[in-house]
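Just so you know, all these numbers are worked out from the coordinates, no wet-lab data involved. Predicted model, so just to flag it, every value in this text is computed and none were measured. Positions of Cβ are backbone-derived with ideal geometry, glycine not excepted, and every protein chain shown enters the neighbour counts.
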Amino acid sequence: MSLAVRKFDAIVVGAGGAGMRASLQLAESGMSVAVLSKVFPTRSHTVAAQGGIGASLGNMGEDSWLWHMYDTVKGSDWLGDQDAIEYMCKMAPQVVYELEHFGMPFDRNADGTLYQRPFGGHSANFGEKSVQRAVASADRTGHAMLHTLYQRNVRARTQFFVEWMALDLIRDPQGEVLGVTALEMETGEVMLLQAKATLFATGGGGRIFAASTNAFINTGDGLGMAARAGIPLEDMEFWQFHPTGVAGAGVLITEAVRGEGGILLNASGERFMERYAPNLKDLASRDIVSRSMDQEIKEGRGCGPHKDYVLLKLDHLGPEVIMKRLPSIRDIAIKFANVDPIREPIPVVPTIHYMMGGIPTNVHGQVVAPDGGDPNAVVPGFFAIGECACVSVHGANRLGTNSLLDLLVFGRAAGDFIVGQNLQRQAHKPLPPHAADAALARLARLDGAASGEQVADVGNALRRTVQTHCGVFRNQALLTEGVTKILELDRRVQRVAIQDKSRTFNTARVEALELDNLIEVAKATIISAEARRESRGAQARSDYPNRDDANWLKHTLWFREGNRLAYKPVNMKPVSVDAFPPKTRTY
Amino acid sequence: MKFRIYRYDPAKDSAPYMKDYDVALDPHDRMLLDAMIRLKAVDDTLAFRRSCREGVCGSDAMNINGKNGLACITNLRELSEPIVLRPLPGLPVIRDLIVDMSQFFKQYHSIKPYVVDDTPPPEKERLQSPQAREELDGLYECILCACCSTACPSFWWNPDKFVGPAGLLNAYRFIADSRDQATSERLDNLDDPYRLFRCHTIMNCVDVCPKGLNPSAAIGRIRSLLVKRAV
């Protein structure tokens, strides 16, 4: 079957914060660029980010990028690559100022400068005390940022392919990436989009968990496509539980609530974080706060009839601060928890929020994979940025506000790097024969299957399994059983069927294709977690409670083929400063 | 729980029709979207958009018991049965509850939705007082869900000529921004019997906005700026 082919210098898959920051560089350079997105750009999940963007502007008091770097390295439990962290923290002020110049409606200080609020794990002078580093637009920072970037892309006349889903990567026999196959949802048409640079900015895959702050669209599509094309996924055992998801609903309550002075209480009204993190208390890093909450609940000090949540108290901030700095949180609490936080505390539980792992890249956004003796050999033509990538600035645990920063810094860096390649002057390489076969076979199977299991049933089973077997606290028995169950689900995914056979906006087909990606993310996650016999950051194992630097200070690489694992060293060589050597982590 | 839902697939249906559903809910199902997800697990041919499920992405706008709103933040307890779901009115239907929003976005793009300032930016942030920044509150929060514009009779009659409440709210967001240097061009762009003045202050926009914004007030401010400019 011959498909229509469209050619571009570069294609960007995903129109969230990272994709649109990159596309801005590309479009403004005059290259031909196509940006594909499953949803209209402003509906991408960046829109749901609430609290802020970390940058050492020093508007509220002394700050430095080196302190930010130290906090990020420590937050990562030393698994983050220090060259990448150094680059991100150094670039942070510049990308924030640029975003202001683009028109971002940041909150302001009386002197007209950008307001900054405290956030978890951010400190002055290498952990001495809390620092105000997060710029914000009330508690809608992601929304303001995503709309600002879209608006700037409208100005740059970026070409968007809205409601197009990328299906599979196209690689030639030498391994170079030459584009993607993609499905136009409205018409059901499949096309080959050919490019000299293919940039993934497809976001996370939090929908492998039953309880998640993530949007429905966060199905790890980029990771699924990369894995099927033979590219490994890095550090997939590290998933961040955000301490404050609304109990029962999963909807996010920003850490900015605690940044502004909110506190966590157990059933006896005790501010329990004082016991676990005497210095930063409720503003310790997220892995530590989530584990502490889980511990309180496990030991019977949870609240409510089932003692299964803790309370986030913020009424003491007063209505003025809540209405000015946290207005959406109040809406969410009223709508999803039946409480008005001006008067009552919000019931919260640790909830899956962010994927630290992803497609391995370097600081230019180039995808890297082991080749010969080089663990970080560049995969030509292929780039990844944002949550789908693992560069790795977040290591084993991401600090709050570093995700939006990651999108801006590496979106811009990858865009600039691709512009610097002068792709307009190069010819397109020939597409390999049968470039679209794999994607077409998946579609043909779905169209042809008369009966089979429902996508919703298999998806729900997958989500329940990952939730049960890969939660806040993990152990060998749970993980081993989880691996077996996920491998069985892998077989069930191949047998799903959909009733809807229409060409027109077939959302059942889209969900089935997303399930193909979710299962890859789930396999990578649980197999990597089972193998790592230590506790580090978000990987907390009750059977191996300590960090083990002698054996495990290394990145995991999961390969889909044979579910093989390999490891590579952590980068401990920042360019302009000395490395921060691993030490005991307390807050 | 009982539903009546607008169904139309142009590939196989000669005309749209209403289909009845009766769905068993879980006690944890709180919002209309929760029920629709359950419904889709039974009948996967029902097509609708959804993403964030917390009212910030603007995907799942639809007409719910006669009023536009977001399924994800509409509490089931507030709805009488059968719950009647239709696509947003006034836009072409692609399939079921999914409408073609091209015209809506075309109007949004027509107001130049970005800060215009051609002077070279300073090394750090441009300064803006907290008071000047507050002028943007109630404007920048728009999620482009189209609940307002598709509840507006003036937009139904002239979707190609009238900017509509969402577009005009956003037009004022940039006029109101102390950093924007293009107020006069923006006013020129709107000083037109259709683009702005088709608004007859029917105020449906205010009634349906799921974010509690007030496009009507923004339109009023643009009008007074035009009046002030004329005298």
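Annotations for the structure displayed:
- q = 0.18, 0.21 Å⁻¹: log10 I(q)/I(0) that the Debye formula gives for the stretch A:320-420, counting C-alpha atoms only: -0.86, -1.02
- Counted over all Cα-Cα pairs of the stretch A:209-323, pairs farther apart than 19 Å make up 55 percent.
- Cysteine residues of the protein assembly as shown whose C-beta has no other cysteine C-beta under 4.7 angstrom: A:89, A:303, A:388, A:390, A:470, B:72, B:142, B:145, B:147, B:152, B:199, B:209.
- Other residues whose C-beta falls under 10 angstrom from the C-beta of residue A:349 contribute a net charge of -2, scoring Lys and Arg +1 and Asp and Glu -1.
- Sorted from greatest to least, the principal axis extents spanned by the alpha carbons of the stretch A:1-128 come out as 64, 38, 27 Å.
- Ranked for footprinting exposure by Cβ neighbours inside 10 Å, fewest first, A:158, A:584, A:202 give A:584, A:158, A:202.
- Helical runs (DSSP H, four residues minimum) scored at -39500 (n - 2.57) apiece and divided by the length of chain A put the mean residue ellipticity at 222 nm at -10500 deg cm²/dmol.
- Share antiparallel - DSSP beta bridges, the stretch A:435-587, percent rounded to 5: 65
- Aspartates and glutamates with Cα under 12 Å of residue B:106, excluding same-chain neighbours fewer than 8 positions away: B:160
- Among A:451-460, A:560-569, A:206-215, A:53-62, sorting by the average number of other beta carbon atoms lying within 10 angstrom of each residue, highest first, gives A:206-215, A:53-62, A:451-460, A:560-569.
- Nearby lysines by direct alpha-carbon distance to residue A:196 (threshold 18 angstrom, same-chain neighbours under 8 apart not counted): A:7, A:429
- By the helix-only formula, in which each DSSP H run with n ≥ 4 contributes -39500 (n - 2.57) and the sum is divided by residues, chain B has a 222 nm mean residue ellipticity of -8500 deg cm²/dmol.
- Mean-position separation - Cα centroids, the stretch A:410-437 and the stretch A:492-531, in angstrom: 28
- Shielding by other protein chains, B:180-186, mean Cβ within 10 Å: 0
- The fraction of Cα-Cα pairs per 5 angstrom bin, counted from 0 for the stretch B:128-220, comes to 2, 15, 25, 24, 19, 10, 4, 1, 0 percent, rounded to whole percents.
- Averaged over the residues of B:113-119, the number of partner chain Cβ atoms lying within 10 Å of the residue Cβ comes to 5.
- Rounded if a/c under 1.5, otherwise prolate or oblate - the stretch A:96-171, Cα gyration tensor axes: oblate
- Restraint check, A:90/A:573; B:112/B:211; A:313/B:124; B:2/B:67, Cα-Cα greater than 24 Å: A:313/B:124
- DSSP beta bridge pairing in the protein assembly as shown, given as percent antiparallel to the nearest 5: 70
- The protein assembly as shown: equivalent-ellipsoid semi-axes (sqrt of 5 x gyration tensor eigenvalues, Cα, Å): 36, 32, 29
- Residue mean of other protein chain beta carbons inside 10 Å, B:38-51: 6
- Computed over chain A: relative contact order in percent, which uses C-alpha pairs under 8 Å that are six or more apart: 22
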